[in-house]
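Report on the following structure.
FYI, it's all coordinate maths here, none of it is from the lab. Every value quoted in this text rests on a predicted model; they were computed, and no experiment measured them. Backbone-built Cβ (ideal geometry, glycine too); neighbour counts: all protein chains shown.
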Protein chains: 4
Amino acid sequence: MDAILVTGFEPFQGEALNPSWEVARSLAGETVGVHYRVIARRLPTVYGRAGEELVSAIREVKPRAVVCLGEAGGRTHVTPERIAINIMDARIPDNAGQKPIDEPIAPDGPAAYFSTLPIRAMVEAMCGAGIPAHISNTAGTFVCNDTFYRLMHFIAEESPGIIGGFIHVPYMTEQALHKQAPSLPLTTLVAGVRTALAVVASALGPAGVPKC
Amino acid sequence: MDAILVTGFEPFQGEALNPSWEVARSLAGETVGVHYRVIARRLPTVYGRAGEELVSAIREVKPRAVVCLGEAGGRTHVTPERIAINIMDARIPDNAGQKPIDEPIAPDGPAAYFSTLPIRAMVEAMCGAGIPAHISNTAGTFVCNDTFYRLMHFIAEESPGIIGGFIHVPYMTEQALHKQAPSLPLTTLVAGVRTALAVVASALGPAGVPKC
Amino acid sequence: MDAILVTGFEPFQGEALNPSWEVARSLAGETVGVHYRVIARRLPTVYGRAGEELVSAIREVKPRAVVCLGEAGGRTHVTPERIAINIMDARIPDNAGQKPIDEPIAPDGPAAYFSTLPIRAMVEAMCGAGIPAHISNTAGTFVCNDTFYRLMHFIAEESPGIIGGFIHVPYMTEQALHKQAPSLPLTTLVAGVRTALAVVASALGPAGVPKC
Amino acid sequence: MDAILVTGFEPFQGEALNPSWEVARSLAGETVGVHYRVIARRLPTVYGRAGEELVSAIREVKPRAVVCLGEAGGRTHVTPERIAINIMDARIPDNAGQKPIDEPIAPDGPAAYFSTLPIRAMVEAMCGAGIPAHISNTAGTFVCNDTFYRLMHFIAEESPGIIGGFIHVPYMTEQALHKQAPSLPLTTLVAGVRTALAVVASALGPAGVPKC
């Protein structure tokens, strides 16, 4: 069975968990849209290294699609990202202590890459299922965007047959108990991403049949 | 079996539903804390009239406790209210077209009444159950506060043996799909209020045994 | 010349300044509405002690009106407060390290006092002058509300001839440079409070002539 | 004297004014950084047409730098934009009734262009002057981003000797009186953009001397 690779990040900034990984591992092993199996991997919240581990996972898993998940504390909706931009700019250090300011990710790369996932259809399907979702036009400039850009750069340069993109999720309710911040239960986040993956699977068509 | 009266409001401001009533009717008929049955009633989103219907329901149901629920669009947490204030001040008309500005609810009543529900314990129980909750210090000046004040005024004047208060709930996810607003699923709101009612029941003690 | 006493607070929570005191001292010595002189005092950000120092200042200055100012970080508008409530409930320690939870300010006092300032007219005058302003229905439960309640309690018990209330102001721009928070320049805050004081003076009528 | 072209937009969505144009026209004719004169132009809030009028103005004025200004209601800070993206996606119609969904601006253009203004230095200078400012990573997908992208596309294709970019400004206080939204006075917005333009002028170096 062909695979969709879904990644989440390890916790950062003192949090005990990261909802992106909680969602990814909840979906691990599920069959999506009849033909695809979800393979889940956890990435470090570290500039550069997350992208390297992602590329290794792609080479190993050989997925038809890659959907990276990340935490966007403060957001109210599940938000497929439209675009990854060629910049690293950190307000807080990553988990390796790096704090780049206005540095390019790929000095010779383009300014940005659009997601190649069907983000509009994903949002419509999630809303249709009662999950708050909208398209986001910025993935920020922290490790999420960094990983998203490195994914799209790798696909463009070395693996044009696969599609890829990024979805930000809000805090899980457990994280927001003592914060003045919006949140959704893990079950809602999982249901939202599962719905989005079904749309991805549908866009891919039957497994094993490359789209031309 | 003794009763806890739980109320919700009808929809207003063009909404198709009101999460406060969806929660109340979800809990209708449940047994809370061994000894109490939830009786649910829907109130009109109308200044004065909601309070009148509430008082009629109290006279009919003879509950040991009254917990009114209301919608607080924009909030992120389930929020037991601390205090009801003696003012009506509307930014939008109520469902009967009334739009009072800075008018007292009870010209001879006190400035405010504190909730007599165990709001701190309710919040702690909800957080312990993974439901985002905190105490709110303002129920606003619309029909929610109006009903809350009329409830506490009635209890103080005519029915000192019962306890009462108000809980605001955020939008349900269904309402927030096309809004930039936080929300929680109905199941989460119901679980939160159920947890809060268990604390209310516990504070009441065994049914049929008035606390002195 | 009769006096209007205007107070601000010292900085707290690591801030270098408190806009409420910056506004108060900017207005110190000004003549408001022909007949009144502004006397400014700085209060400690300490539960109880602020109210004590305020009462001492009232006894010394013998003002016709008292307008306490406080900082409300995160607000966008200048906000005259409608009501003070009889509770102390701190999320952070005050400047003396006190952190009361759900304690009454005055165990025998009423649940709340309404401001006796002409808050609606103050807001309308500020908006008319191009200053963002609206009425607030909660002064919180920290030292601001505590001082406001103690002010109104003192007036009710011992000095019914004077009027009093509270105005919260947003961050000054200097404070928000590195925060994701709204702010207004000090000049705007000063212009707003000056406009509000003119309405207070107008409500008092000519100095030296008690209103009956 | 060489020119810096500064543009603002006409009002939209029922507003009576647009702070971006109020700022631009306030600065019109000023000398910036000794060597440059500000030329101000107002653009229509219309996809495509704004960019066309901007290009016409560039051809006529022959500026050394172009700084487009736009309104970002809800923002708290003056925000130089980092990047323009190749997409039109409207939640509300523009002033000509157009409401494109997910359409490219330039079908053969790159996914995005980075601003060529010294945005980091502009932000630091504004903060140093007490003006709330930070870099923004999304100019949205409405007419502001459209115009910004068309500007950068024109510069890249036809006029590589000039630098250009975009700055979003919050609501002016006059607009926010009856909204629950942050704002800054026009004088603050003008002071902020003037400070930013001085940094632009400094980056350009002496007028008439092309940088190589």
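Considering only DSSP beta bridges where both residues belong to chain B, give the percentage that are antiparallel (nearest 5).
Of the beta bridges lying entirely in chain B, close to 25 percent run antiparallel.
Is it possible to state the helix-based mean residue ellipticity at 222 nm for chain D, with each DSSP H run of 4+ residues giving -39500 (n - 2.57), the sum divided by total residues, to the nearest 500 deg cm²/dmol? What is it?
After summing the helix terms and dividing by residue count, I get -10500 deg cm²/dmol.
Show the residues, 5+ positions off or on another chain, whose built amide H is closer than 5 Å to the amide H of D:Thr116.
D:Gly164
Determine, from the Cβ-Cβ distance of A:Asp102 and B:Arg37 and an R0 of 56 Å, the FRET efficiency 1/(1 + (r/R0)^6), rounded to the nearest 0.05.
With R0 = 56 Å, the Cβ-Cβ based efficiency is 0.35.
Are there any helices in chain D, counted as whole DSSP H runs, that stretch 15 Å or more along their axis by Cα and score at least 0.0 on average by Kyte-Doolittle, and if so which?
Membrane-span-like by this rule: D:143-158, D:186-204.
Find how much the distance from B:Ala28 to B:Glu157 grows on full extension, using 0.36 nm per residue of separation minus their present alpha carbon separation; answer in nm with one decimal.
Here the segment from B:Ala28 to B:Glu157 would lengthen by 43.7 nm.
Of D:Val66, D:Val55, D:Val23, which has the largest mean-square fluctuation in a 10 Å C-alpha GNM of chain D?
Largest GNM mean-square fluctuation: D:Val55.
Can you compute the radius of gyration and Dmax for the protein assembly as shown, using only the Cα atoms, both in Å?
Cα only, the protein assembly as shown: 29.3, 92 Å (Rg, Dmax).
Once a ≥ b ≥ c are taken as the square roots of the eigenvalues of the Cα gyration tensor of region C:65-164, is the result rounded (a/c under 1.5), prolate (a/b larger than b/c) or oblate (a/b not larger than b/c)?
Oblate.
Whole percent per 5 Å bin, from 0 to the bin with the longest distance: what is P(r) over all C-alpha pairs of region A:2-204?
Taking all Cα pairs of region A:2-204, the binned fractions are 1, 8, 17, 22, 23, 16, 9, 3, 0 percent.
Under 19 Å from the Cα of B:Lys62, which aspartates and glutamates turn up, not counting those fewer than eight places away in the same chain?
Filter leaves B:Asp2, B:Glu30, B:Glu52, B:Glu53, B:Glu157, B:Glu158.
How about region A:29-100: which trypsin sites (Lys or Arg not before Pro) there are in a DSSP loop, with at most 16 other Cβ atoms within 10 Å of their Cβ?
Here the trypsin sites (Lys or Arg not before Pro) that fit, given the DSSP loop and packing criteria, are A:Arg91.
Between the alpha-carbon centers of region B:8-58 and region C:35-52, tell me the distance in whole angstrom.
Region B:8-58 and region C:35-52 have Cα centres spaced 45 Å from each other.
Go ahead and set up a Gaussian network model of chain C, Cα springs under 10 Å, then flag whichever of C:Val190, C:Val34, C:Val67 fluctuates most.
C:Val34
For a test of the definition: using alpha carbon positions, the gyration tensor, and the 1.5 limit on a/c, classify region D:1-81 as rounded, prolate or oblate.
Here region D:1-81 falls in the oblate category.
To confirm my reading of the symmetry, which residue of chain D has the Cβ nearest the axis that brings D onto C, and what whole-Å distance does it have?
Residue with the nearest Cβ, plus whole-Å distance, for chain D: D:Pro182, 2.
List the residues whose amide H sits under 5 Å from the amide H of C:Leu43, counting only those 5 or more places along or on another chain, with H placed 1.01 Å from N in the peptide plane.
Amide H neighbours of C:Leu43, under 5 Å, 5+ apart: C:Gly8, C:Phe9, C:Glu10.
Below 8 Å between Cα atoms, with a sequence gap of 6+, how large is the relative contact order for region A:2-204 in percent?
It comes to 28 percent, rounded to a whole number.
Which residue, B:Thr79, B:Thr195, B:Thr187, tops the fluctuation ranking in a GNM of chain B built on C-alpha contacts under 10 Å?
Result for chain B, Cα springs under 10 Å: B:Thr187 fluctuates most.
Given C-alpha coordinates of region A:73-119, what is the ratio Rg to Rh with the Kirkwood estimate of Rh?
1.04
Need one word for region D:118-173: rounded, prolate or oblate. Basis is the Cα gyration tensor (sqrt eigenvalues a ≥ b ≥ c); a/c below 1.5 gives rounded, then a/b vs b/c decides.
Verdict is oblate for region D:118-173.
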